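See below for the structure under consideration.
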Amino acid sequence: MVQEYFFIFYAIIIASILAFILFAISFIGILKFYDAQKVSPYECGFDPFQDTRSRFDVRFYLVAILFIIFDLEIVYLFPWAVSLSQLGLGGFMVMIVFLYILTIGFVYEWIMGALEWE
């Protein structure tokens, strides 16, 4: 029984050693080739216009989170579309209910003004 897990243990050990070696090489490499120009702050090739630690507007985070939520929900459509011929009418109706709930959520956000950027 233990012999079955030997290859998994072996792969974990090899991956850990490789990760440590790559980390050490990158750490040593950055110490050797230190250049003040490379580590200076920049913004698209120009000097920074303001402090790099300035706060973002909360609306940016809200729009980003809403995009991620809807984007992840849309990902469910691809496997459904591929296997639609095998799912039959039941699978089609379940996805219609899912899309209906998704549309209601989107319309609610739109009405509440969550997508407005004033």
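Taking segment 28-56, which residues are surrounded by 10 or more Cβ atoms within 10 Å (Cβ to Cβ) and either at pLDDT 80 or above or closer than 30 Å to TRP117 by Cα (or both)?
ILE28, TYR42, GLU43, PRO48
Scanning segment 71-115 for residues that are over 23 Å from PHE60 (Cβ atoms) and of a type in the set (Phe, Trp, Tyr), which turns out farthest from the chain's Cα centre (by Cα)?
PHE92
The values are calculated or read from the model by the stated rules, or taken from the named source; none is laboratory data. The structure presented is a predicted model; accordingly, all values stated were derived computationally and were not measured. Here the Cβ is made from the backbone with ideal geometry for all residues, glycine too, and neighbour counts use every protein chain on show.
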